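Working notes, beginning with the structure itself.
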Amino acid sequence: MKIGVSAFAWTTEFGEEDSGILANLREHGLEGFEIPMFDPAALDAAGIRRAFKASRIECTVCAILPQGINPISPDAGARKKAHSHLVQCVETCAELGAHLLGGPVYAPIGFLPGRRRTQDEWKWAIEEFQALGDALDAHGVDIAIEPVNRSETFFLNTASEAASFCDAVAHPRVGAMIDTFHANIEEKSIPAAVKTLGNRLKHLHISENDRSLLGSGHVEFPAILSALRQIDYDGYLMIEGFAYSTDPRNKLGALWADVNVSPEDIAFQGAAYLQNLMRQTN
Ligand code: LER
Ligand code: MN
């Protein structure tokens, strides 16, 4: 297992000008850094790739679909547009040198029609991720579909739903991920959720129940780590915290405002906490 940290602790708009963040990661045992992807065309992929290479840090991507880009829209034209968008996300991952594309990529965050998921929506999403298979193979990118909590989506909330979804798509590059912040709300047991996903688990957002410092809240990280070891998980423990920031680009972070927690605290204290846990857990 490797440790990484998401750009969300600092900013929602990472660019080459933020490359100073990458320079200090390795000395704290962080090997990966995850960047957000809203509009792939807006990223300077070549510049970002240069910055990662210079710091010897691996890039992973968290895609958040913009409003209007919706693979489960009832409008076939909108679904087609979503397919082009997702193909572009995969291509941009390849340009960035990233091999892992995670996130709630089945619908925009906050798309909540006020009813349960329909069979048509389930079918459209399966078809979409099957249709992405060729692009994933061509670019050597794996996708990790992220269930999120009920305030952010009605479509996929639990590991068990994600496991059924992956099995229906049945493509080796299409798997799922767990975000312990969301799972803390939706799962009866996060270790059991890890075991439910087994080898479908391609990525992990490791996050305290309030998105703050790991170990400062009530998520049971020791038991989660044991479960990850039991399924031979060898992906990232990607720290996803949202620190308070006065930077207007940190729109999501504003939700998690806490003046006592800096991005560096989230990253470096989080990494130290996980390293210690990894030494203690077998
Ligand atoms: C993205 O990884 C995530 O967890 C979302 O809740 C962000 O809005
Ligand atoms: Mn997440």
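The values are calculated or read from the model by the stated rules, or taken from the named source; none is laboratory data. Keep in mind that what you see is a predicted model, and the values were worked out from it rather than measured. Note that we place each Cβ from the backbone using ideal geometry, even for glycine, and neighbour counts take in every protein chain shown.
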Residue within the range 148-168 that is within 18 Å of SER6 (Cα to Cα) and either modelled with pLDDT of 95 or more or in contact with a His (Cβ under 9 Å, 6 or more places away or on another chain) (or both) present
yes
Those residues of the range 188-216 which are within 16 Å of ligand 1 (Cβ to nearest atom) and among the small types (Gly, Ala, Ser) amount to ALA193, SER207, SER212
For GLY103, only one of the following conditions fails: (1) of a type in the set (Gly, Ala, Ser); (2) within 15 Å of ligand 1 (Cβ to nearest atom); (3) more than 12 Å from the chain's Cα centre (by Cα). What is its number?
(3)
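Can you find a residue in the range 110-123 that is surrounded by 23 or more Cβ atoms within 10 Å (Cβ to Cβ) and part of a loop (DSSP other than H, G, I, E, B)? Outline the logic, then answer.
Kept after step one, since they are surrounded by 23 or more Cβ atoms within 10 Å (Cβ to Cβ), are these residues of the range 110-123: none.
Within the range 110-123 (the criterion being surrounded by 23 or more Cβ atoms within 10 Å (Cβ to Cβ) and part of a loop (DSSP other than H, G, I, E, B)), the answer is no, since none of the residues qualifies.
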Determine whether the range 143-159 contains at least one residue that is surrounded by fewer than 19 Cβ atoms within 10 Å (Cβ to Cβ) and away from ligand 1 (no atom under 16 Å from the Cβ).
no
With the range 1-107 as the region, which strands (runs of 3 or more DSSP E) entirely inside it contain at least 2 residues that are away from ligand 2 (no atom under 16 Å from the Cβ)?
58-63
HIS182 vs. criteria within 16 Å of ligand 1 (Cβ to nearest atom), under 16 Å from the mean Cα position of the chain (by Cα), surrounded by 21 or more Cβ atoms within 10 Å (Cβ to Cβ) and assigned to a helix (DSSP H, G or I):
yes
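The rows are residues; the columns are (1) over 17 Å from LEU237 (Cα atoms); (2) at pLDDT 95 or above; (3) of a type outside the set (Ser, Thr, Tyr).
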{"site": "ASP18", "(1), (2), (3)": "yes, no, yes"}
{"site": "GLY29", "(1), (2), (3)": "no, yes, yes"}
{"site": "PHE33", "(1), (2), (3)": "no, yes, yes"}
{"site": "PRO40", "(1), (2), (3)": "yes, yes, yes"}
{"site": "ASP44", "(1), (2), (3)": "yes, yes, yes"}
{"site": "ARG50", "(1), (2), (3)": "yes, yes, yes"}
{"site": "ILE57", "(1), (2), (3)": "no, yes, yes"}
{"site": "THR60", "(1), (2), (3)": "no, yes, no"}
{"site": "LEU65", "(1), (2), (3)": "yes, yes, yes"}
Failed item in (1) over 21 Å from LYS2 (Cβ atoms); (2) at pLDDT below 95, with ASP265 passing the rest
(1)
Considering only the range 136-150, how many residues are within 16 Å of ligand 2 (Cβ to nearest atom) and either over 20 Å from PRO36 (Cα atoms) or of a type in the set (A, V, I, L, M) (or both)?
5
Report, by residue number, each residue of the range 124-142 that is surrounded by fewer than 24 Cβ atoms within 10 Å (Cβ to Cβ) and part of a loop (DSSP other than H, G, I, E, B).
GLY140, VAL141
For the range 213-246, which positions are closer than 20 Å to GLU146 by Cα, among the hydrophobic types (A, V, I, L, M, F, W, C) and either at pLDDT below 95 or touching a strand residue (DSSP E or B) at 6+ places or on another chain (Cβ under 6 Å) (or both)?
LEU237, MET238, ILE239, PHE242
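Is it the case, given these coordinates, that GLY215 is of a type in the set (Gly, Ala, Ser), in contact with a Phe, Trp or Tyr (Cβ under 9 Å, 6 or more places away or on another chain) and either surrounded by 15 or more Cβ atoms within 10 Å (Cβ to Cβ) or without any contact (Cβ under 8 Å) to a residue 12 or more places away in the chain (or both)? Lay out the reasoning, then the answer.
On the way: of a type in the set (Gly, Ala, Ser): yes; in contact with a Phe, Trp or Tyr (Cβ under 9 Å, 6 or more places away or on another chain): yes; either surrounded by 15 or more Cβ atoms within 10 Å (Cβ to Cβ) or without any contact (Cβ under 8 Å) to a residue 12 or more places away in the chain (or both): yes.
Answer is yes for this residue.
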Only one residue in GLY175, GLY133, GLY114 is at positive phi, away from ligand 2 (no atom under 13 Å from the Cβ) and not polar (S, T, N, Q), so which one is that?
GLY114
I'm told ALA51 meets every condition in (1) aliphatic (A, V, I, L, M); (2) over 17 Å from the mean Cα position of the chain (by Cα); (3) within 16 Å of ligand 1 (Cβ to nearest atom) except one. Can you identify the failing condition by its number?
(3)
